[in-house]
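See structure below.
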Amino acid sequence: MKRPLFDLWQLICVRSIAEKGSIHAAAEFLNVRQSTVSRSLLALEKRLNVALFVRSTLGTTPTTFGNDFIRRSDVVLADVSAMNTLAQRFRAGQTGQLIVGLQNCIVPGRFSSLAADFQRDHPDITFQYSEGGPNHLLYGLEQGKLDVVIITRCDIKASLQFMPLWTDKILVALPADHTLSVEAELSWEDLRNEIFLMGRDNAGEDFTAMIARKFGEPWRQPKIRHHDVGSIRILTLVAKGDGVALISSSWLPLIHKQEKKELTLIELRDADGASHLEFVIVWRSGNNSRIASDFIDYVEARFEA
């Protein structure tokens with residue numbers, strides 16, 4: 001790329017000369033020496049090989065070309081000013097983009113309502129989303145590809161920070177005619193002999209890990225069958241009597257009316273109370289994004305209120 005014919009300072013000098021009517025007045029306005037403005041103008045005219053002003057004892061008057069040049073210079077300087085304002089607003093967290101990673105077992109609308117509330121106060125900030133499992137999202141966060149991620153709580157590196165958001169109760173889905181369907185609540189021990197049906201998504205991974213923690217005795221492994229379908233579709237197999245399934249309470253609105261008639265959904269409890277999935281927001285300690293910082297402060301205030 002070739003060197004530009006002129007720089008911004010020369011454009012500022014030209015516009016100031018035109019506005020003030022002389023090099024002397026322009027220098028006073030710009031708070032610099034007259035020779036500085038005069039040298040900038042001469043250098044620009046030499047570079048362009050055309051006169052921009054007619055000099056006289058009464059001052060300086062733009063030439064025909066000078067008038068056109070000044071009009072076009074105003075556009076350039078206005079654009080530069082707008083770019084500077086944009087940079088200032090970006091530094092202040094008033095405009096820009098927040099890249100959010102969402103674990104794909106999060107029900108649609110759970111996070112979007114939070115983002116919408118934030119955007120009402122920050123209308124020039126846009127959200128970009130990436131979906132995946134916890135390990136994939138945490139890797140993207142560490143690589144700087146994501147600003148924040150929302151995942152189920154897991155082992156999180158010390159280099160990352162996190163904050164609890166919400167919890168979803170865990171329900172067990174049984175066929176409507178199952179012998180346990182008359183119970184008001186169930187314990188993990190009640191399910192020890194059941195066949196657990198799991199989907200391929202990371203909700204299935206979370207539930208598989210949870211079952212392993214509850215029943216993972218070396219001499220007796222839990223009975224788990226994995227299917228290459230999403231966790232919500234597993235409920236169709238439960239209704240057929242193929243086994244039982246774990247679901248998050250936030251999924252209830254996604255279950256079709258017909259499936260609800262064929263299923264019994266019962267809260268699952270353990271010694272510490274209701275079993276649940278805990279969701280957290282995670283971010284990098286060294287993220288210098290003002291937008292990310294403001295969003296985390298907003299989320300913290302929202303969930304601690």
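Every number in this text was worked out from the coordinates using simple rules, so none of it is lab data. Just so it is clear, the model here is predicted, and its values are computed rather than measured. As a convention, Cβ positions derive from the backbone with ideal geometry for all residues, glycine included, and neighbour counts pool all protein chains shown.
Points to keep in mind about this one:
- Taken over segment 8-90, the percentage of Cα pairs per 10 Å bin, counting from 0 up to the bin with the maximum distance, is 18, 49, 25, 7, 1.
- Distant-in-sequence amide contacts of ILE224, defined by a placed amide H-H separation under 5 Å and a gap of 5 or more residues or a different chain, comprise PHE196.
- When the Gaussian network model of the chain links Cα atoms closer than 10 Å, the mean-square fluctuations of HIS276, HIS24, HIS256 top out at HIS24.
- Extension gain, GLN161 back to MET83 (0.36 nm per residue minus Cα-Cα distance, nm): 24.8 nm
- Antiparallel content of DSSP bridges confined to the chain, in %, to 5: 60 percent
- Whole-number percent relative contact order across the chain, with pairs defined as alpha carbons under 8 Å at least 6 apart: 20 percent
- Distance (nanometres) between label positions extended 7 Å along Cα→Cβ at SER112 and GLN128: 2.0 nm
- Each principal axis of the Cα cloud of the chain was taken in turn, and the coordinate range along them, longest first, works out to 107, 40, 40 Å.
- Square roots of five times the Cα gyration tensor eigenvalues for segment 205-278, Å: 22, 16, 11
- Here's how it looks for THR63: its modeled amide H is under 5 Å from those of PHE53, VAL54, which are all 5 or more places away or on a different chain.
- Here the scattering of segment 149-305 is modelled by Debye summation over its C-alpha atoms, one equal scatterer each and no solvent; at q = 0.12, 0.15, 0.16 Å⁻¹ the log10 of I(q)/I(0) is -0.60, -0.85, -0.93.
- DSSP-defined beta bridges in segment 168-276 - what % are antiparallel, rounded to 5: 60 percent
- Sequence-separation-based contact order of segment 15-87, relative, with Cα cut under 8 Å and 6+ spacing, percent: 26 percent
- When each of the peptides 244-253, 45-54 is scored by how many other beta carbons lie within 10 Å of its residues on average, the order from highest to lowest is 244-253, 45-54.
- For GLU131, the residues whose amide H sits under 5 Å from its own are LEU102, ignoring neighbours fewer than 5 places away on the same chain, with H placed 1.01 Å from N.
- Taking THR236, THR61, THR152 as the candidate residues, the one with maximal mean-square fluctuation in a Gaussian network model of the chain, Cα springs under 10 Å, is THR61.
- Placing unit charges on the Cβ atoms of the charged side chains and taking the dipole of the chain about its Cα centre, the candidate lying farthest along the positive direction among VAL229, GLY243, VAL54 is VAL54.
- Nearest 10 degrees, 0 to 90: helix 34-48 Cα axis against the chain principal axis: 80 degrees
- Comparing ARG225, ARG233, ARG55 in a Gaussian network model of the chain, where Cα atoms under 10 Å apart are tied by springs, the biggest mean-square fluctuation is seen for ARG55.
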